[in-house]
Amino acid sequence: MSTDANRAPLVLGLAACAIVIAGSFGPWATAGIFSEGGFDGGDAYVTLGAGLVAMVAVVLERLLWLVAAAGALCLWSGWANWSDVANTEIFGRTLDPGWGLVAVTVGGGALFLWAAASWFGWWPK
């Protein structure tokens, strides 16, 4: 039994949390040189909190339902904001999603999948 294989789920879970946390601080909408972060609209406070709570649960290797809920919340928040960004025009130009919004969405999906893999025991022993 390899210790690296046993550490892989922890590292992947922490990486997904770090992606969500970093994305919460990044730009969520861009238009040329201008950008707006998630804290401007308020949703980044929710995703940041969810990422931090999920990080604690991943480290404790408990409360998988909480990790799944945090991941689903971040995924939903990212998807909803992405839809808003894609449907907003400023001066005839559609906004683009920033790297922070992409990170929150992808990280939320990764957290949800991590929780499912842990719940169903899909990690190598």
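Every number here is computed from the coordinates shown, using simple stated rules; none is lab data. None of these values were measured; they are calculated from a predicted model. Note: ideal-geometry Cβ built from the backbone for every residue, glycine included; neighbour counts use all protein chains shown.
Starting with the fewest neighbours, write out Ser77, Ser35 ranked by other beta-carbon atoms found within 10 Å of each beta-carbon.
Fewest-to-most Cβ neighbours within 10 Å comes out as Ser35, Ser77.
Nearest 20 debye, what's the magnitude of the dipole of the chain about its Cα centre given +1 on Lys and Arg Cβ and -1 on Asp and Glu Cβ?
About 480 debye.
What does the convex hull of the Cα atoms of the chain come to per residue, in Å³, rounded to a whole number?
With only Cα atoms used, the chain gives 90 Å³ per residue.
Within 10 Å of each residue's Cβ, count the other Cβ atoms and sort Glu36, Glu89, Glu61 from fewest upward.
Fewest to most other Cβ atoms nearby, the residues stand as Glu89, Glu61, Glu36.
Which order do the peptides 69-76, 7-14 take when ranked by the mean count of other beta-carbon atoms within 10 Å per residue, highest first?
Packing order, densest peptide first, comes out as 69-76, 7-14.
Which of Thr88, Val59, Gly26 sits closest to the plus end of the dipole of the chain, meaning its Cα is farthest towards the positive end, when Lys and Arg get +1 and Asp and Glu get -1 on the C-beta?
Highest projection toward the positive end goes to Val59.
Using the Cα gyration tensor of segment 56-125, with a ≥ b ≥ c the square roots of its eigenvalues, what is the shape: rounded (a/c below 1.5), prolate (a/b larger than b/c) or oblate (neither)?
In terms of gyration-tensor shape, prolate.
With unit charges on the beta carbon (Lys/Arg positive, Asp/Glu negative), name the residue among Gly100, Trp123, Ala69 whose Cα is farthest towards the positive pole of the charge dipole of the chain.
Comparing the listed Cα positions along the dipole, Trp123 ranks first.
Can you work out the base-10 log of I(q)/I(0) for segment 1-60 at q = 0.18, 0.19, 0.25 1/Å, using the Debye formula on its C-alpha atoms alone?
The calculated log intensity ratios at q = 0.18, 0.19, 0.25 Å⁻¹ are -0.66, -0.70, -0.93.
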